[in-house]
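Working notes, beginning with the structure itself.
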Amino acid sequence: MSGKVGVGIIGAGVISSQYLTNLTTFADVKVLFIADLDTERARERAEEFGIPGHGTVEQLLATAEVEIVVNLTVPSAHVAVGETIISAGKHVWSEKPLALDRSGGQALLEAAESAGVRVACAPDTMLGASFQTALRTVRAGRIGDVLNGLVLLQSPGPESWHPSPEFLFDVGGGPLLDIGPYYLTALVHLLGPVTRVSATSSIARPTRVIGSGPKAGTSFPVNVPTHHGALIEFAGGAAVQAVFSFESAIRRTLLELTGTAGSMAVPDPNGFDKPTEVWELDAQEPAVIDAVGSTATRGVGVVELARAIRAGEPERASGELAYHVLDVMISIAEAAESGEAVQIASTATVPPLLPEDWDPAAATL
Ligand SMILES: NC(=O)c1ccc[n+]([C@@H]2O[C@H](COP(=O)([O-])OP(=O)(O)OC[C@H]3O[C@@H](n4cnc5c(N)ncnc54)[C@H](O)[C@@H]3O)[C@@H](O)[C@H]2O)c1
């Protein structure tokens, strides 16, 4: 096929509005259909964003012009829904995490390979102006050879604001699998593949209480650790200490790198438009480098995938990269359980930088 790429969406929940706000304005894709188990929710989103089709997953997959299906379901459904999309001969853009476990992730990638379609996966924040500027700064050698880093992701947890937060405290959730993909994908872009991890974990409270929406006041079980402390080693020799926590009353996100020539504060990898700060050795203040590039938010990865399909080139947010990040997260959880370091068997190709003038809104197809 040629020209604009037809897109369908499965999952009309919280994050679908951010995707649709962007995807309905990007010239290289056209959103044709939205499906959900709750077809009324799909209808409401279709009306809100002027999408021509809405209904069931089967109806979506029967829409011939849909080439990429964006899977915005909850993590426990990512593999099954992804496999259904692949069996309909369509490409997958999946929300993170790619799967709940290694076997699910492998099954998805193998199914796509045999069907001759692609699986790409969030996060696409790595394609935004803030992260690309930080990456360019590291690759230009501003802090020399990177030696080590520090990641802090601390919050009390998302149950106060998400109306259905149960999945965020179940297998496939917790701070590691829910927020970890942003930091670990960023670190693989910056430092290369991970080779070994060691970790600890804890669960602060066995239940939590929903804080907003129709189920406010309802308690639900916590089935995964709500804090992980990890030591992550990279093929290039760098090591990063990381905290992923839904247990802290202090809200903080931090990603710092230190190299032979200085240190830098990388902007929040769950965002698109913040500056990078570089501290040269002996500097009293940082040099602030404004973000250069697109500040459009979620959905930019779908456009990058659409253009890569038309060009016959690899997409940057590849399934291979998402599988490596999944493998690292599962290994951190296993290392915390066993008390032993875990060697990482998978690897990933580090994606190339985007050109500074890359524009997801431009009409190129
Ligand atoms: N909420 C956020 O801020 C946010 C941000 C970034 C990424 N994400 C990711 O996006 C995904 C969805 O999160 P959300 O917050 O929108 O969840 P949500 O619970 O609000 O919405 C999920 C939707 O998927 C539908 N669904 C579930 N299983 C389905 C199936 N088998 N077939 C069809 N529809 C199905 C549900 O009915 C629901 O409408 C998750 O993977 C999450 O990690 C969420």
For this session: Evaluate the range 45-67: report whether one residue or more is in a loop (DSSP other than H, G, I, E, B) and under 22 Å from PRO269 (Cα atoms).
Result: no
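Is it the case that ILE15 is surrounded by fewer than 18 Cβ atoms within 10 Å (Cβ to Cβ), under 21 Å from the mean Cα position of the chain (by Cα) and among the hydrophobic types (A, V, I, L, M, F, W, C)?
yes
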Exercise. How do the pairs read when you match residues in the range 1-29 that are of a type in the set (S, T, N, Q) and part of a loop (DSSP other than H, G, I, E, B) with residues anywhere that are modelled with pLDDT of 95 or more and more than 13 Å from the ligand (Cβ to nearest atom), using Cβ under 6 Å and keeping only pairs 6 or more apart or on different chains?
Worked result: THR24/VAL31; THR24/PHE49
Seminar exercise, completed: Per the filter on the range 231-251, residues over 14 Å from GLY149 (Cα atoms) and not hydrophobic (A, V, I, L, M, F, W, C) are SER245, GLU247, SER248, ARG251
Problem set entry | Of all residues in the range 245-290 being small (Gly, Ala, Ser) and free of Cβ contacts under 8 Å to residues at least 40 places away in the same chain, the one that is farthest from PRO158 (Cα to Cα) | ALA283
Exercise. Could you list, in sequence order, the residues of the range 1-22 that are within 19 Å of ALA362 (Cα to Cα) and away from the ligand (no atom under 14 Å from the Cβ)?
Worked result: SER2, GLY3, LYS4, VAL5, GLY6, VAL7
Exercise. Is at least one residue of the range 125-140 out of contact with any helix residue (DSSP H, G or I) (no Cβ under 9 Å at 6 or more places or on another chain), of a type outside the set (Val, Ile, Thr) and outside any helix (DSSP H, G or I)?
Worked result: yes
For this session: Scan the range 263-277 for residues that are surrounded by fewer than 21 Cβ atoms within 10 Å (Cβ to Cβ) and over 16 Å from THR295 (Cα atoms) and jot them down.
Result: ALA265, GLU277
For this session: Return a yes/no flag: does the range 162-175 have any residue that is within 11 Å of the ligand (Cβ to nearest atom), within 30 Å of THR276 (Cβ to Cβ) and acidic (Asp, Glu).
Result: no
Exercise. Do any residues in the range 77-93 that are under 13 Å from VAL119 (Cβ atoms) and of a type in the set (Phe, Trp, Tyr) have Cβ atoms under 8 Å from those of residues that are more than 13 Å from the ligand (Cβ to nearest atom) and in a strand (DSSP E or B), where the two are at least six apart or on different chains, and which pairs are they?
Worked result: TRP93/ILE68; TRP93/ALA120
Exercise. So, in the range 145-191, of the ones that are assigned to a loop (DSSP other than H, G, I, E, B) and among the aliphatic types (A, V, I, L, M), which residue ends up farthest from the chain's Cα centre (by Cα)?
Worked result: VAL171
For this session: Identify all residues within the range 84-111 that are surrounded by fewer than 21 Cβ atoms within 10 Å (Cβ to Cβ) and either within 11 Å of the ligand (Cβ to nearest atom) or not in a helix (DSSP H, G or I) (or both); write none if there are none.
Result: THR84, ALA88, GLY89, LEU100, ASP101
Exercise. Of ARG102, ARG142, which residue is over 18 Å from the mean Cα position of the chain (by Cα), among the basic types (Lys, Arg) and farther than 19 Å from PRO351 by Cα?
Worked result: ARG142
Exercise. Looking at the range 317-325, is at least one residue within 19 Å of LEU231 (Cα to Cα) and buried (at least 16 other Cβ atoms within 10 Å of the Cβ)?
Worked result: yes
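The values are calculated or read from the model by the stated rules, or taken from the named source; none is laboratory data. On a predicted model such as this, the values are computed, not experimentally measured, just so you know. Note: ideal-geometry Cβ built from the backbone for every residue, glycine included; neighbour counts use all protein chains shown.
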